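Notes to accompany the following structure.
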């Protein structure tokens, strides 16, 4: 069982410090819910956690080992679900998923894709091209990637956007199963995903104080 | 390696499903070449003289046409994030996308080239050299273009900026390619020029994926 930590993270977007001195820790089975107003850095923090972007200062640690030492090790142990659904209009729902299943290196891509679609109640849409899927259905296809293979860490950026109530319940159930199996999840959300005893992290608490920053610049 | 091939297959599948991309490049190439006799006049000697250059430049522009979409489609729909998080290093992702691009646009260009050479009255001596140079030059165009496409990713009007960035880099390839065909036409061996072109290609294969991956990382950050 592993522990995922971030220590003293600073995120810079352009010339603006989004947050500074942010620490987090996700134990096995833990859930970290990121809250904060728009623009407070929830998505940026999730991208930092995924390794897609690099922190300006501070570092990520997996079981106490710095992630930056071997970035190639980090990517296979996480699933990242961002704002964009990565659903190709020309491919069917199943082909979309199977493409991702194939790229994670395992076999039986088509079979796994179908099973994952089934978990999200999308089996009847398996052969529908992506261009005919609604926003919510595309989101579910994207979320179905989580069910393709077991990985320890899920990073979900507002996963419930465009989902109906039944799909949100299904998502909550999937997250519950994942955590019961020792999986970790970090999720940014505005709507309630109904997680049992999550750690709440308000990202805006780590926003630099503009007055202090100004004083420092003047000094 | 298996994942690398799967990524190429995915891109090929997507291109075939959409069809337009693959067809556009080769149709553009044909139309571009066909325009020259209208502009220059149907004098067979003049056409034969300019044929190598016309075919090479048209192939270069046709390859450029589809390069803009190389990473852009994946960037826009979020697939690039997921590709960057795949077990494949980003360098290999870039190389796989280049390989797919070459198979989709470069190979049809090579296949269409003899027909275009016939149309422009290129002497028979030049055909073998033309095919060989195109076989070496088109992958090089895809490789150099990938760096430009990655650099202009996310830039406004990247489609206009990219040709300005990479067209100058195409010049060496164009020089050696044209020289190879000219040598063959004049009864000399095109071998030294082809070797130089091959050297450029070897350099491109080893360096371009790293440059493209670095640019992609900057775009993802």
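Helical runs assigned H by DSSP (4 residues or longer) give chain A a calculated mean residue ellipticity at 222 nm of -9500 deg cm²/dmol, each run adding -39500 (n - 2.57) before division by the residue total. According to the square roots a ≥ b ≥ c of the eigenvalues of the Cα gyration tensor, what is the shape class of the stretch B:154-221, taking rounded for a/c under 1.5, prolate for a/b larger than b/c otherwise, and oblate for the remainder? In terms of gyration-tensor shape, oblate. At q = 0.16, 0.19, 0.20 Å⁻¹, what log₁₀ I(q)/I(0) does a Debye calculation on the Cα points of the stretch A:1-96 give, no solvent, two decimals? Log10 of I(q)/I(0), two decimals: -0.74, -0.97, -1.04.
Counting Cβ atoms of other protein chains within 10 Å of each residue's Cβ and taking the mean over peptide B:73-83 gives 6. Sequence-distant contacts, meaning Cα pairs under 8 Å at least 6 residues apart, place the relative contact order of chain B at 26 percent. Taken residue by residue and averaged, Cβ atoms of other chains lying within 10 Å of the Cβ of A:100-108 number 5. Residues A:81, B:57, ranked from the fewest to the most other C-beta atoms within 10 Å, line up as B:57, A:81. Highest GNM mean-square fluctuation among B:204, B:78, B:53, for chain B modelled with Cα contacts below 10 Å: B:78.
For the stretch B:51-73 versus the stretch B:84-112, the inter-centroid distance based on Cα atoms is 15 Å.
Counting only Cα atoms, the size of the stretch B:84-184 along its three principal axes is 50, 29, 20 Å, in decreasing order. Using the alpha-carbon atoms, what tilt in degrees (0 to 90, nearest 10) does helix B:20-40 show relative to the longest principal axis of chain B? Approximately 30 degrees, to the nearest ten.
Diffusion of the protein assembly as shown by Stokes-Einstein, at 25 °C in a medium of 0.890 mPa s and with Rh set to the Kirkwood radius over alpha-carbon pairs, works out to 102 µm²/s. Relative to one another, the C-alpha centroids of the stretch B:6-24 and the stretch B:145-203 are positioned 24 Å apart. The angle between the Cα long axis of helix B:158-185 and the longest principal axis of the Cα atoms of chain B comes to about 40 degrees, rounded to the nearest 10. Taking the Cα atoms of the stretch A:101-208, the ratio Rg/Rh between the radius of gyration and the Kirkwood radius comes to 0.99.
Quick note on the stretch B:2-220: its Rg to Rh ratio, both from C-alpha atoms and Rh being the Kirkwood radius, is 0.99. Pull out a ≥ b ≥ c, the square roots of the eigenvalues of the alpha-carbon gyration tensor of the stretch B:60-99, then state rounded if a/c is under 1.5, prolate if not and a/b is larger than b/c, and oblate in the remaining case. The shape class here is oblate.
In chain B, the longest principal axis of the Cα atoms and the axis of helix B:126-151 are about 30 degrees apart.
Ordered by packing density, taken as the mean number of other Cβ atoms within 10 Å over each peptide's residues, highest first, how do B:87-98, B:6-17 rank?
So the peptides B:87-98, B:6-17, ranked by packing, come out B:87-98, B:6-17.
The ranking of A:128, A:67, A:141, B:54 by Cβ neighbour count inside 10 Å, starting from the fewest, reads A:128, A:67, B:54, A:141.
With coordinates expressed along the principal axes, the C-alpha atoms belonging to the stretch A:27-172 extend over 46, 37, 28 Å, beginning with the largest. Counting, for every residue in A:79-92, the Cβ atoms of other protein chains within 10 Å of its Cβ and taking the mean gives 5.
The stretch A:162-206 and the stretch A:43-68 have Cα centres separated by 20 Å.
We did not get these values from a lab; they are worked out from the coordinates using the rules stated. For clarity, every value in this text was computed on a predicted model and none was experimentally measured. Every residue, glycine among them, receives a Cβ derived from its backbone with ideal geometry; neighbour counts consider all protein chains shown.
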